[in-house]
Amino acid sequence: MNYTQFELNLLVDAFKVYTTVAAQQLSPEAVENLANQLGKLLNKITSVQSGQNNQKLEISKPIGISDEWFEKVCKSCNNFKDGNCNDNVTTKFPGKCDPILHYEVSKLKP
């Protein structure tokens, strides 16, 4: 099956919304498991896709991270590589890693 880049990005956005809503109702462990399963599913989709026409899915930001955090913090973070955040804290609790917390605190200072 051939997916357009728009369709792939739509899937990523849908998974982000689903995970965000699930995080309000599930335990952190269940959300982590869900995020891992969705990540595996996206990898499976993109591996099939890239085998067909060498397109790769571009994940704009990690699940649970706001646009502001992604632009101001994640893009310059050492733990963010190949479209994935490798920080253990962010994996379990999106937005609770030290770089984002320091960014938020710095916004409060005059």
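The values are calculated or read from the model by the stated rules, or taken from the named source; none is laboratory data. Since the structure is predicted, the reported quantities are computational estimates derived from the model, not experimental observations. Don't worry about glycine lacking a Cβ; one is built from the backbone with ideal geometry, like all the others, and counts go over all protein chains shown.
Brief remarks follow.
- Scan of segment 80-110 for residues that are in a helix (DSSP H, G or I) and within 12 Å of the chain's Cα centre (by Cα), ordered by number: 90, 91, 92
- Answer residue from segment 61-75, given it is part of a loop (DSSP other than H, G, I, E, B) and not hydrophobic (A, V, I, L, M, F, W, C) and is modelled with the highest pLDDT among those: 66
- Residue match in segment 28-39 (condition: charged (D, E, K, R) and either touching a Ser or Thr at 6+ places or on another chain (Cβ under 9 Å) or surrounded by 12 or more Cβ atoms within 10 Å (Cβ to Cβ) (or both)): yes
- Only one of 109, 75 that is surrounded by fewer than 12 Cβ atoms within 10 Å (Cβ to Cβ), under 22 Å from residue 13 (Cα atoms) and not assigned by TED's automatic domain parsing to the domain that holds residue 19: 75
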